[in-house]
Each structure stands twice: as structure tokens, then as C-alpha cells.
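One structure is given below, encoded as C-alpha cells.
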Amino acid sequence: PPAHSRNDWIGPPDKHSNLRPVVFYVPPEESPLERRLREARQEAQACDQQFWARHNRAFSQEKEEFIYSRLKAKGVEMRDETGQKATLNAEEMADFYKDFLSKNFRKHMQYNR
């Protein structure tokens, strides 16, 4: 952010977490209480970034493995003869989403706490 800015700046979504990082404004005469609040917000942001980056990485990897295993079970290649990536329909993917959410329920509960 420019030196004269008096606001927090919000950046574009992170490619791993999909969260928009914040560059927090630091007032020139920040009080100890304001500083503690800003640092707590920065710490929370860092934890959120780490949690969602790890979660999204696991989601993508497990999703690819699920699609590969389902296509393999059907005898279908990952890419067709034109090079297009093979996909599953919404009902088949619903099985993955339900299973992934069930497996990660406790992680989500801990995150929300």
C-alpha cells in the first residue's frame, strides 16, 4: 500500500487458500491495545491461511484420486482421444463430497472453535 494510506489493504485471493490476505494499517501513534488487536488479527489471518491452504490441497488431491479410481473402475482413460479430461457426473461427485466432508468434520469443528 502507498505510504499515505490510512486503511487496511486487501489483496487478491491466495492461490492455495483462496483467502484474500490483508495488509493491516498501522497508525503512527498506535496504542498498546490497538497493537494487541492488530497482532491478534494478523495471527488469526495467518492461521486461517495455513488451515485453508492445507485443506484445499488435501481436497484437490483426494478429488483427483477419487476421479481416477472411478474412471479406472469403469475402464475409462483420464483423457479421451481428443485429449479432453474425462469427468464424472454430479451424482458420482456427490459421493466424493459427502465422504470428504464426513472425513473432515472434526477438523472443521476444531477450526470453527
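The values are calculated or read from the model by the stated rules, or taken from the named source; none is laboratory data. Here the structure is a predicted model, which is why all the values come from computation and not from measurement. Don't worry about glycine lacking a Cβ; one is built from the backbone with ideal geometry, like all the others, and counts go over all protein chains shown. Note: accessible area is taken over every heavy atom of the protein model, side chains too, but ligands, DNA and RNA are not part of it. Shrake-Rupley method; radii C 1.70, N 1.55, O 1.52, S 1.80 Å.
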(request) Return yes when Lys107 is over 30 Å from Ala3 (Cβ atoms) and out of contact with any Ser or Thr (no Cβ under 7 Å at 6 or more places or on another chain) and no when it is not. (result) yes
(request) Would you point out the residue of region 104-113, among those that are in a helix (DSSP H, G or I) and either acidic (Asp, Glu) or open to solvent by less than 100 Å² (accessible area, probe 1.4 Å) (or both), that is nearest to Tyr68 (Cα to Cα)? (result) His108
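How many of the residues making up region 81-100 are more than 17 Å from Ile67 (Cβ to Cβ) and modelled with pLDDT of 90 or more?
0
Condition check ((1) under 26 Å from His16 (Cα atoms); (2) open to solvent by 100 Å² or more (accessible area, probe 1.4 Å); (3) touching a His at 6+ places or on another chain (Cβ under 7 Å)) across all residues:
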{"position": "Tyr68", "(1), (2), (3)": "yes, yes, no"}
{"position": "Gly83", "(1), (2), (3)": "no, no, no"}
{"position": "Glu92", "(1), (2), (3)": "yes, no, no"}
{"position": "Ser102", "(1), (2), (3)": "yes, no, no"}
(request) Looking only at region 74-85, decide whether some residue is in contact (Cβ under 8 Å) with a residue 12 or more places away in the chain and not acidic (Asp, Glu). (result) no
(request) Of the numbered conditions (1) out of contact with any helix residue (DSSP H, G or I) (no Cβ under 8 Å at 6 or more places or on another chain); (2) closer than 26 Å to Lys107 by Cα, Glu34 fails exactly one; give the number of that condition. (result) (2)
(request) Enumerate the pairs (first residue in region 37-60 and of a type in the set (Phe, Trp, Tyr); second residue anywhere and open to solvent by 40 Å² or more (accessible area, probe 1.4 Å) and assigned to a helix (DSSP H, G or I)) with beta-carbon separation below 7 Å, excluding pairs fewer than 6 apart on the same chain, so at least 6 apart or on different chains. (result) Phe51/Tyr111
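What do you reckon, is Arg6 at pLDDT 95 or above and open to solvent by 70 Å² or more (accessible area, probe 1.4 Å)?
Here the answer is no, as Arg6 does not meet what is asked.
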(message) Whether any residue in region 32-49 is of a type outside the set (Gly, Ala, Ser), more than 29 Å from Asn112 (Cβ to Cβ) and in a loop (DSSP other than H, G, I, E, B) is what I want to check.
(response) no
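Yes or no, residue by residue, for (1) open to solvent by less than 100 Å² (accessible area, probe 1.4 Å); (2) modelled with pLDDT under 95; (3) more than 19 Å from Leu101 (Cα to Cα):
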site: Val23; (1), (2), (3): yes, yes, yes
site: Ala40; (1), (2), (3): yes, no, yes
site: Trp52; (1), (2), (3): yes, no, no
site: His55; (1), (2), (3): yes, no, no
site: Lys72; (1), (2), (3): no, yes, yes
(request) Of the numbered conditions (1) part of a helix (DSSP H, G or I); (2) over 30 Å from Phe24 (Cβ atoms); (3) hydrophobic (A, V, I, L, M, F, W, C), Leu88 fails exactly one; give the number of that condition. (result) (1)
